1. Only residues that are surrounded by fewer than 14 Cβ atoms within 10 Å (Cβ to Cβ), modelled with pLDDT of 95 or more and either touching a strand residue (DSSP E or B) at 6+ places or on another chain (Cβ under 7 Å) or not charged (D, E, K, R) (or both): list them for region 125-137, please.
2. Residues of region 174-208 being outside any helix (DSSP H, G or I) and out of contact with any helix residue (DSSP H, G or I) (no Cβ under 8 Å at 6 or more places or on another chain), which ones?
3. Considering each residue of region 178-187, count those that are farther than 10 Å from Ala79 by Cα and either outside the structural domain of Thr165 (by TED's automatic domain parsing) or touching a residue at least 40 places away in the same chain (Cβ under 8 Å) (or both), and give that number.
4. How many of the residues in region 29-51 are of a type in the set (Ser, Thr, Tyr) and either crowded, with 17+ Cβ neighbours inside 10 Å or under 25 Å from Asn146 (Cβ atoms) (or both)?
5. With respect to Leu93, is the statement that it is within 19 Å of Ala185 (Cβ to Cβ), hydrophobic (A, V, I, L, M, F, W, C), at pLDDT 90 or above and surrounded by fewer than 19 Cβ atoms within 10 Å (Cβ to Cβ) true?
6. List pairs: first in region 1-28 and surrounded by fewer than 18 Cβ atoms within 10 Å (Cβ to Cβ), second among the aromatic types (Phe, Trp, Tyr), Cβ under 7 Å, 6+ apart or cross-chain?
7. Do you know which residues across region 78-120 are over 24 Å from Arg180 (Cβ atoms), part of a helix (DSSP H, G or I) and charged (D, E, K, R)?
8. Output the number of the condition that Lys109 fails; it satisfies all remaining conditions of (1) buried (at least 17 other Cβ atoms within 10 Å of the Cβ); (2) in contact (Cβ under 8 Å) with a residue 40 or more places away in the chain.
Amino acid sequence: MSDQVTDTVRRMILMGDLHPGDQITQDALAGELGVSTMPIREALLQLSHEGLITGGRGRSFRVARTTRRDIADVYWLHATLAGELTARACEQLDDEQLALLAEVHSEWKEAVRTHDVAGLETTNFEFHRIINQAAGAPTMLRLMRNTLRRIPERFYMMLPDWADTSTTSHEAILQALQARDPERARTEAANHVQESGKMLIEFFDEKGFWTAPETGS
């Protein structure tokens, strides 16, 4: 239950339903989500550890203020880790795995063509999973997964240009892997993540995420 509540509150913060500086009380949030205060407290403590919530007195918390630089830093870290994982995978993927990766990419392109949102989610996840698992670096992969907590769930599906941009990026990554070129694979993977980061920041710009409602700053 606490994990589900954590995911819900994290999404509320990242999607702007809860604004930076907003006060959150355990009782009010428990009433809104229809759960007891115990999983709420556990969720708020977890999100405080992640830097999305700041602790207050008693049972009160506030949504932490986030800047463009914060998000850019998250994506810089994500891009660096993704690039290294992809470079390592380039040296580990066998012909069978590369063939599977190409097949998944074909399924991705079909999902783009048919506007299949569920298919996009599934094939995007699988494409990167194959690469990341092949890298054989579980600690690095765990660190990269932590950066994903700062990205709203299903966020990319809200962006009309993301699918086409990702098709181009996935093809470039796949070609680098097929050519057994680790440095090219590193660059293409890192660029793919950085481009996604730009889209996220633009999305937050449009939602006024950086503006503190009480001051307009």
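The values are calculated or read from the model by the stated rules, or taken from the named source; none is laboratory data. Fair warning: this is a prediction, and the values are worked out from it, not measured in the lab. Ideal geometry is used to build each Cβ from the backbone, glycine not excepted, and the neighbour counts take in all protein chains shown.
1. Once the filter is applied, which keeps residues that are surrounded by fewer than 14 Cβ atoms within 10 Å (Cβ to Cβ), modelled with pLDDT of 95 or more and either touching a strand residue (DSSP E or B) at 6+ places or on another chain (Cβ under 7 Å) or not charged (D, E, K, R) (or both), region 125-137 yields only Gly136.
2. Ala179, Gly208
3. 6
4. Residues meeting the conditions: 1.
5. Here the answer is no, as Leu93 does not meet what is asked.
6. Gly16/Phe209
7. If the condition is that a residue be over 24 Å from Arg180 (Cβ atoms), part of a helix (DSSP H, G or I) and charged (D, E, K, R), then Glu110, Arg113 are the ones that fit.
8. All conditions pass for Lys109, except number (1).
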